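The values are calculated or read from the model by the stated rules, or taken from the named source; none is laboratory data. As the structure is a prediction and not an experimental result, all values here were calculated from the model. All Cβ positions, even for glycine, are placed from backbone atoms using ideal geometry, and neighbour counts span all protein chains on display. Only protein heavy atoms, including side chains, enter the accessible area calculation; ligands, DNA and RNA are left aside. Shrake-Rupley method; radii C 1.70, N 1.55, O 1.52, S 1.80 Å.
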Amino acid sequence: MMATTELDYISDEDNAFGLLFDNLVDNMEYKGPGPTVTISKEQVQGYFLSKHLATELYDLLKCTHAIFEHFGITYWLTGGSMIGYMRHGGIIPWDDDVDICCFMRDKEKILSQEVQDAFKRNNIHVIEDRTFNIVNPTLSKIYRSTAKSKAIKSGRVPYPFVDIFYMLEPDKHLNSIHFLSSGNDEHWISPEELFPLKKIQFGPVTAMAPSNPLPQLDRGYGIEWSKQGQIHTCDHVTKQGRGGPRQVFDVAPFRGVSAEYDPDKISTQVILPPTS
């Protein structure tokens, strides 16, 4: 594991419940139970991600794409990031991380010294998720060692970061690709929906996406995901629960609008190992 003592961390103790059920809450975004309240366009804008953090997330994804492509590691956008591409053309303005999937077979390679060194050349680390300092083998985090935020989403990983969700490949008994993490039962994708992967423009950077993501999004979030948005019940940046009912709204005013970023602060070149 990479040392991260240079950062000034805050404690998760007051937010243990939110951390434990964070993934489950995220996946209830469009079809979850409980009361809701409709909020205005102006209220939604109050939750927009800062330009600085959006730029950091795009930059992390750019480096991840280049390094994974170099080492032949298969990945694709998922979850809120896939909704962001379909609905906004990039990061959802009120989202606060990037979600990608990789096959479990590639986890060992991702955490190998060779790939870790490639990330370190770009001042980036990849570690297993450590919620409550317990290793979560279904999830890894990609973050930059110079991350300024004191906020922590899981364990002692500085924000902002890219989530890697590990997937099980289909076999002769099950012709579908499933998340290893809990709370994602409805988010499976079939090989026919996933492949062939396509290269897309995600905001200012290139990323990989499923061939046909619509069925997975409909299953996982309900058919209203393209029309109705929701503010996360837990703020990933400050890691504080927002409380109260789910805040929902019409996404029509924000369709085609992605998180604002600074193009001058996105890496112009990713440092890659020399080819043999």
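Some notes on this structure:
- Portion, in percent, of the accessible area of the range 156-242 that falls on carbon or sulfur, probe 1.4 Å: 53
- Burial order of peptide ranges 95-104, 134-143, 43-52 (average beta-carbon count within 10 Å, highest first): 95-104, 134-143, 43-52
- Distance between the 7 Å Cα→Cβ label points at GLU114 and ASP218: 4.1 nm.
- Computed extension gain for SER50 through SER267, at 0.36 nm per residue and net of the alpha carbon distance, reaches 76.3 nm.
- Accessible area (Å², per residue) of the range 194-237, counting only protein heavy atoms and a probe of 1.4 Å: 38
- A Förster radius of 25 Å combined with the Cβ-Cβ distance from ARG105 to GLU69 puts the calculated FRET efficiency at roughly 0.90.
- Taking every DSSP bridge with both residues inside the range 90-234, close to 75 percent are antiparallel.
- Three-way shape label, the range 101-149, alpha-carbon gyration tensor, a/c 1.5: oblate
- Once the Cα-Cα distance is subtracted from the 0.36 nm per residue extended length, the ARG121 to VAL37 segment shows a gain of 25.6 nm.
- With bins 5 Å wide beginning at 0, the percent of Cα pairs of the range 30-129 falling in each bin runs 2, 10, 18, 20, 17, 13, 8, 6, 4, 1.
- The range 107-131 versus the range 197-212: alpha-carbon centroid distance in Å: 22
- In the structure shown, the pairs LYS51/LYS120; LYS41/LYS141; LYS141/LYS265; LYS51/LYS141; LYS62/LYS109 are assessed against 26 Å; a Cα-Cα span above that value is assigned to LYS41/LYS141.
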